[in-house]
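> Provided herewith is a single structure, encoded as structure tokens, for subsequent inquiry.
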Amino acid sequence: MREEDIEQTLLFVDMLGAAALTEKFPRRVADSGPDEAGFYHTWTTDAPNQFNRFTRVLDVAVQDCQYYHPLRAMLFSDCAFLELGNSAMMAMMAPKLMRDFILNKVPVRMGIGKGTFYPFKFSTDITDSTIVTRSLFMGTAVVRAHSAEQCGGKGMRIFVHPSAEAAFVSKNVALLKPYEHSKAELDFLNETRPAQQKPSAEEDDRKLFDAVAEMREAAPEGVQNHYLDTLEAMNRMRRQNSRPPI
């Protein structure tokens, strides 16, 4: 086997509702006025604000990971692929990333797949009249991670492709409805901590539940099922860890 053919574990991250949000707020900046006092007001709309939070969470994660282990990150528009070199790092990083997105009120869904990964070229060429950005990569890990995210499950969750299940046995939660490209999801709730450590895992779990509930209240009626499915999945994670549902 060639060294380049050694299987890698890849994480695909996709921001939910990006298309609808962009259509609702087609302009980056909004203006109003004059008001009764004659003042004009300018502000950035919800679409770029959410995109900025999405990229900020990813940037922080990439910055933190690079101090501990080599990584390759392909970040573009409302999605990203991340490769951390081994499944152990992925088992730590993916759940934390999901928690960070939820606490920052950015709805995302993730997929994890294992297989080949061939990064060909990453570059940006700038001339006086042209900007060309290239992010060229392929492999079965790319296909499988994307397929897991698109498996059919709803909500803010980390779906695991069958190719990667064996690497996450201790953190897998079986899906109530198995799909072709995912039969389990990754537990992303906080791990148990020593009793003296504050805040406790229970307190931080409740912050996640509160954040999802707040996102649900602000969401259009037609997509609230995503947040209900998220809350139900989180309670299954709690039950699997012998914690009472919230």
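The values are calculated or read from the model by the stated rules, or taken from the named source; none is laboratory data. Owing to the predicted nature of the structure, the values given are computational and were not obtained by experimental measurement. As a convention, Cβ positions derive from the backbone with ideal geometry for all residues, glycine included, and neighbour counts pool all protein chains shown. Side chains included, ligands, DNA and RNA excluded: accessible areas come from the protein's heavy atoms. Shrake-Rupley method; radii C 1.70, N 1.55, O 1.52, S 1.80 Å.
> Among R157, R72, R144, which one shows the highest mean-square fluctuation when the chain is modelled as a Gaussian network with alpha-carbon springs under 10 Å?
Per the Cα network of the chain with a 10 Å cutoff, R72 tops the list.
> Rounded to the nearest 500 deg cm²/dmol, what is the calculated helix-only ellipticity per residue at 222 nm for the chain, with -39500 (n - 2.57) per DSSP H run of length n ≥ 4? Can you show the working numbers first?
Working: 6 runs with 89 residues, N = 246.
Using -39500 (n - 2.57) per qualifying helix, the result is -12000 deg cm²/dmol.
> Using a 1.4 angstrom probe with every protein chain in place, what is the largest-first accessible-area order of F137, F54?
Details: F137 40, F54 0 Å².
So, going from the largest accessible area down, we get F137, F54.
> Given charges of +1 on the Cβ of Lys and Arg and -1 on the Cβ of Asp and Glu, with all other atoms neutral, how large is the dipole of the stretch 142-200 about its Cα centre, in debye to the nearest 20?
160 debye
> Please state the Cα pair-distance histogram of the chain with 10 angstrom bins from zero: what percent is in each bin?
The distribution over the chain is 7, 28, 34, 20, 9, 3, 0, 0, given as percents.
> For the stretch 147-193, with every protein chain kept in place, what is the accessible area per residue (1.4 Å probe, Å²)? Working shown, then result.
Values: 2040 Å² over 47 residues.
It amounts to 43 Å² per residue over the stretch 147-193.
> How large a share of the accessible area of the stretch 75-224, in percent, is made up of carbon and sulfur atoms when the probe is 1.4 Å and the other protein chains stay in place? Provide the component values of the computation, followed by the final result.
On the way: 4020 of 7440 Å².
Carbon and sulfur atoms account for 54 percent of the accessible area of the stretch 75-224.
> Which helices of the chain meet both criteria: a Cα extent of 20 Å or more along the helical axis and a mean Kyte-Doolittle score no lower than -0.5, with helices taken as whole DSSP H segments?
Membrane-span-like by this rule: 46-65, 87-103.
> What's the longest piece of the chain with no exposed GluC sites (Glu not before Pro), counting a site as exposed if DSSP puts it in a loop and it has at most 11 other beta carbons within 10 Å?
37-179
> Another question, if that's okay. Where in the stretch 102-136 does the amide nitrogen come within less than 20 Å of the point 7 Å from the Cα of Y179, taken along Cα to Cβ?
Correct set: 102, 106-115.
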